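Everything below concerns the one structure shown next.
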Amino acid sequence: DVSLSYAMPKPLIGKTMSVQVLANNIFSAVYSSNGYYYTYDDDFSVPDTITTIEGTGYYPQALFNILAGVTLGF
């Protein structure tokens, strides 16, 4: 990640003004920050039978992305 910030000495708006740019995952690494596991009992597909269903999943994260912002002080 790379973060840049610039505080303007003579702001166009307000008393203070700064601009920020954040570049995330600059190498576009493929990764997951979280995962999950679930289980539930299926008692409606086959009458008089309970089948336990299990599964897993994950939350893939964004590849290279940019976030920009402006902070104003009045």
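Output the residues belonging to region 37-74 that are of a type outside the set (Ser, Thr, Tyr), part of a strand (DSSP E or B) and over 30 Å from SER3 (Cα atoms).
Filtering region 37-74 for residues of a type outside the set (Ser, Thr, Tyr) gives 41-44, 46-48, 50, 53-55, 57, 60-70, 72-74.
Retained after the next criterion (residues that are part of a strand (DSSP E or B)): 41-42, 53-55, 57, 60, 65-70, 72-73.
Result: ASP41, ASP42, ILE53, GLU54, GLY55, GLY57.
For the structure I just gave you, tell me whether SER45 is under 13 Å from the mean Cα position of the chain (by Cα) and at pLDDT below 95. Before you say what the answer is, go through the steps one by one.
Details: under 13 Å from the mean Cα position of the chain (by Cα): no; at pLDDT below 95: yes.
Spelling it out, it is not the case that SER45 is under 13 Å from the mean Cα position of the chain (by Cα) and at pLDDT below 95.
Which of (1) on the phi < 0 side of the Ramachandran plot; (2) more than 24 Å from the chain's Cα centre (by Cα) does GLY55 not meet, given it meets every other one?
(2)
What is the residue count in region 5-61 for residues that are in contact with a Gly (Cβ under 8 Å, 6 or more places away or on another chain), surrounded by fewer than 10 Cβ atoms within 10 Å (Cβ to Cβ) and under 30 Å from PHE74 (Cβ atoms)?
Selection size over region 5-61: 1.
Name the single residue, out of those in region 1-36 being without any contact (Cβ under 8 Å) to a residue 24 or more places away in the chain, of a type in the set (A, V, I, L, M, F, W, C) and outside any loop (DSSP other than H, G, I, E, B), that is nearest to VAL70 (Cα to Cα).
Among those that are without any contact (Cβ under 8 Å) to a residue 24 or more places away in the chain, of a type in the set (A, V, I, L, M, F, W, C) and outside any loop (DSSP other than H, G, I, E, B), it is ALA7.
Restricting to region 16-42, give me the number of residues that are out of contact with any Asp or Glu (no Cβ under 9 Å at 6 or more places or on another chain) and either among the hydroxyl-bearing types (Ser, Thr, Tyr) or within 28 Å of THR56 (Cα to Cα) (or both). Outline the logic, then answer.
So the first thing to find is which residues in region 16-42 are out of contact with any Asp or Glu (no Cβ under 9 Å at 6 or more places or on another chain), and the list is 16-21, 27-36, 41-42.
Of the ones still in play, those that are also either among the hydroxyl-bearing types (Ser, Thr, Tyr) or within 28 Å of THR56 (Cα to Cα) (or both) are 16, 18, 27-36, 41-42.
Count: 14.
The values are calculated or read from the model by the stated rules, or taken from the named source; none is laboratory data. Keep in mind that this is a model prediction, so the values were computed, not measured. Ideal geometry is used to build each Cβ from the backbone, glycine not excepted, and the neighbour counts take in all protein chains shown.
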